[in-house]
């Protein structure tokens, strides 16, 4: 077992992983619950498996990774205009934002590299693939596993079937390009996505749900469809008690606990 496999296996443990994301400032700037990253870091339950953040925030959030039994650090290495909803960009352009070598020196355990296709330009798609492949290869040379994030262009305007078809194809492309795991949207037939990829697939939390119960139900549906874990950001941070919600999330994802039981146990709304 090489370094990549060891890191990935440590995150997954014997089953499924819970990853808490607060890399939103890289595209949104400060948002509620994530204005002060040091305070956000203090709201991460140490029982989660990993934390996704931007490379420039590693040094400011070192408290998360200081204890012997700590979450792993997942670091986003490319920047893509597809996430900048406030800027109204017209295409999904991916660029290098941090070198794997520098992120490794800063303390990165696992890399995240995103890919967006069907941008409306063959040239743009090819350039995005080039960024993804180059960063993935560089990470693998260092023994760093890569979570490939497939994020569809214009997802908000797609029907459920269109979104599923896009993610089904795009996730397989990400796996074929060398990703060690995949992060992507839940779809109406998510089991087709998870079963068609030879690497672990993590379902994301996407937009903030109306209630914590709905967020836990989303997580439960993703793992029931074959996901090997979840990546939750707003739904795990923008809540009255992030520690309690994240404990409940771990029970639903890792132990297949019933949503009603954990909602009552942790007194969630």
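Values quoted throughout were computed directly from the atomic coordinates according to the rules given, and no laboratory measurement underlies them. Every value quoted in this text rests on a predicted model; they were computed, and no experiment measured them. We place every Cβ from the backbone using ideal geometry, glycine too, and count neighbours over all the protein chains shown.
Assorted remarks:
- Choice from 180, 102, 125 with maximal GNM fluctuation in the chain (Cα, 10 Å cutoff): 102
- If a spin label sat at a point 7 angstrom from the Cα of residue 162 along the line to its beta carbon, the backbone N atoms of segment 91-133 nearer than 17 Å would be those of 91-92, 117-121.
- Modelled this way, with points 7 Å down the Cα-to-C-beta line, the labels at residue 99 and residue 176 are 3.2 nm from one another.
- Comparing 190, 202, 87 in a Gaussian network model of the chain (Cα springs below 10 Å), the most mobile by mean-square fluctuation is 87.
- Considering only beta bridges that DSSP places wholly inside segment 1-118, some 25 percent are antiparallel.
- Residue of 119, 211, 136 that the Gaussian network model of the chain assigns the largest fluctuation, springs spanning Cα pairs under 10 Å: 211
- Among beta bridges from DSSP that stay inside the chain, the antiparallel ones total about 10%.
- What the Kirkwood sum gives for the chain is a hydrodynamic radius of 18.5 Å, with every pair of different alpha carbons counted.
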